[in-house]
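First up is the structure itself, then whatever we jot down about it.
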Amino acid sequence: MNMSSSKKWLALAGVLCGAIAAALAYFGNPANMAFCIACFIRDTAGALGLQTTATVQYARPEIIGLVLGAFAISVATKEYRSTAGSSPAIRFVLGIIIVIGSLVFLGCPLRMVIRMSAGDLNAWVALIGFAGGVATGVVALKKGFTLGRAHVTNRMAGGVLPVLMLGILALLIFVPSILKFSETGPGSMHAPLVLSLVGGLLFGAFAQKSRMCFAGSLRDVFLMKNFDLLCVIAGLFVVMLIYNIAMGNFKLAFDTPGVIAHSEHLWNILGMYTVGFAAVLAGGCPLRQLILAGQGSSDSAFTVAGMFIGAALAHNFGLAASGTAANAETGEIVAGAVPFYGKVAVIICIIACFIIAFGNKRSEGK
């Protein structure tokens with residue numbers, strides 16, 4: 001079944017992915033997070049010791065499942081192609097930029113939509129920045145931006161990331177003592193391992209078949225007036241909206257304690273502007289990068305590697321924002337905030353995106 005063949009099938013893929021995210025939230029994942037690529041990569045980086053923030057360390061089976069699910073379905077449907085292109089260092093840097101922007105906002109585009117479905121007005125504000133970033137990336141594409149054409153390469157090259165993910169899964173199942181686990185905070189909140197893994201596998205398969213991409217959906221609207229991929233996002237949003245209302249999680253507000261969000265609107269906008277811009281340049285949002293890497297793209301594997309390093313940098317150097325929370329002793333609401341160095345990092349990332357976007361033209365590759 002080709003889920004990208006019609007808007008009906010695309011919407012169904014979104015509904016199924018939304019149902020998976022809702023189930024994971026119901027069975028233990030942070031309710032306000034459910035399924036977040038940037039946050040889960042950050043947690044997994046913490047479990048591997050790449051970052052040392054004790055509250056966000058857990059090898060998320062969902063990330064492993066996404067890659068393996070995309071790999072399995074692409075092999076089964078003969079869509080697996082081991083490819084590699086050019087500019088691996090730039091793709092690596094774009095991965096770092098994507099995650100830094102995400103952790104200043106406190107979520108990837110997937111989590112932005114999930115937060116929107118729970119009434120978080122900060123996420124709706126951030127959507128302005130994300131759309132603006134994608135639009136800027138589209139301008140660069142029209143001006144001739146390219147990182148080079150991908151070429152078919154050794155089949156084993158495309159399987160490197162899936163094998164690495166299998167390695168992390170083996171550690172999680174057979175020698176968990178070698179990994180780090182949070183005892184409190186978001187990292188300590190998770191659905192059962194088997195459910196998380198199966199959810200990731202299914203989500204990865206549906207995302208691969210539907211070409212789900214949060215940046216790509218808006219890129220297609222701006223570039224070609226094509227709204228097809230928005231059907232996937234709409235399906236996921238509707239399911240999560242119904243789930244949040246049914247579970248009493250829907251709160252139309254700013255500064256809601258426990259949502260892991262902040263109300264520094266400028267930095268919500270700029271954080272997601274950075275993500276949207278970098279995602280278009282890299283060829284897909286964080287979710288799409290994992291899916292493409294799973295189906296054989298070494299280019300996306302470099303971007304994923306950059307995302308892991310970006311998560312480590314964001315927490316080791318105090319770039320990630322904090323969420324609004326209630327003081328455990330006094331009950332006083334403490335507003336979330338973006339640290340000074342996080343703001344500096346976002347500005348540097350935006351400048352880097354402009355340099356990459358308008359410094360790589362098709363004429364240079366001839």
Give me the residue from segment 244-273 that is modelled with pLDDT of 95 or more and among the aromatic types (Phe, Trp, Tyr) and, out of that set, nearest to Gly336 (Cα to Cα). Trp267
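Just checking, how many residues over segment 283-311 are open to solvent by 10 Å² or more (accessible area, probe 1.4 Å) and of a type in the set (A, V, I, L, M)?
Result for segment 283-311: 4.
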Which condition does Ala320 not pass, out of (1) part of a loop (DSSP other than H, G, I, E, B); (2) farther than 17 Å from Cys108 by Cα; (3) of a type outside the set (S, T, N, Q), if it passes all the others? (2)
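For (1) in a helix (DSSP H, G or I); (2) among the polar types (S, T, N, Q); (3) open to solvent by less than 10 Å² (accessible area, probe 1.4 Å); (4) out of contact with any Asp or Glu (no Cβ under 9 Å at 6 or more places or on another chain), each residue gets a yes or a no:
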site	(1), (2), (3), (4)
Leu50	no, no, no, yes
Val75	yes, no, no, yes
Ile90	yes, no, no, yes
Val93	yes, no, no, yes
Ile98	yes, no, yes, yes
Gly107	no, no, yes, yes
Met116	yes, no, no, yes
Ala123	yes, no, yes, yes
Gly129	yes, no, yes, yes
Hits in segment 173-228 (condition: closer than 18 Å to Ile41 by Cα, part of a loop (DSSP other than H, G, I, E, B) and of a type in the set (A, V, I, L, M, F, W, C)): Leu179, Phe181, Met189, Ala191, Cys213
From the set of residues in segment 165-205 that are open to solvent by 50 Å² or more (accessible area, probe 1.4 Å) and under 19 Å from the mean Cα position of the chain (by Cα), which is farthest from Gln57 (Cα to Cα)? Leu202
For segment 288-310, indicate whether the set of residues that are free of Cβ contacts under 8 Å to residues at least 24 places away in the same chain, outside any helix (DSSP H, G or I), within 30 Å of Val138 (Cβ to Cβ) and not aromatic (Phe, Trp, Tyr) is non-empty. no
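Yes or no: Val346 of a type outside the set (D, E, K, R) and in contact with an Asp or Glu (Cβ under 8 Å, 6 or more places away or on another chain)?
So Val346 does not fit the description; no.
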Given (1) more than 21 Å from Ala70 (Cα to Cα); (2) open to solvent by 50 Å² or more (accessible area, probe 1.4 Å); (3) not polar (S, T, N, Q), identify the lone condition not met by Ala321. (2)
Taking segment 174-197 as the search range and keeping residues that are small (Gly, Ala, Ser) and in contact (Cβ under 8 Å) with a residue 12 or more places away in the chain, which one is nearest to Ala31 (Cα to Cα)? Ala191
Of all the residues that make up segment 11-31, how many are part of a loop (DSSP other than H, G, I, E, B) and either surrounded by fewer than 24 Cβ atoms within 10 Å (Cβ to Cβ) or of a type in the set (Ser, Thr, Tyr) (or both)? 4
Just checking, which of Met247, Met240 is surrounded by fewer than 19 Cβ atoms within 10 Å (Cβ to Cβ) and touching a residue at least 24 places away in the same chain (Cβ under 8 Å)? Met247
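The values are calculated or read from the model by the stated rules, or taken from the named source; none is laboratory data. Predicted model only: the values in this text are computed from it and were never measured. Methodologically, a virtual Cβ is constructed for each residue, glycine included, from the backbone with ideal geometry; neighbour enumeration extends over all protein chains shown. The protein model used for the area step is the full one, side chains on, heavy atoms only, and it has no ligands, DNA or RNA in it. Shrake-Rupley method; radii C 1.70, N 1.55, O 1.52, S 1.80 Å.
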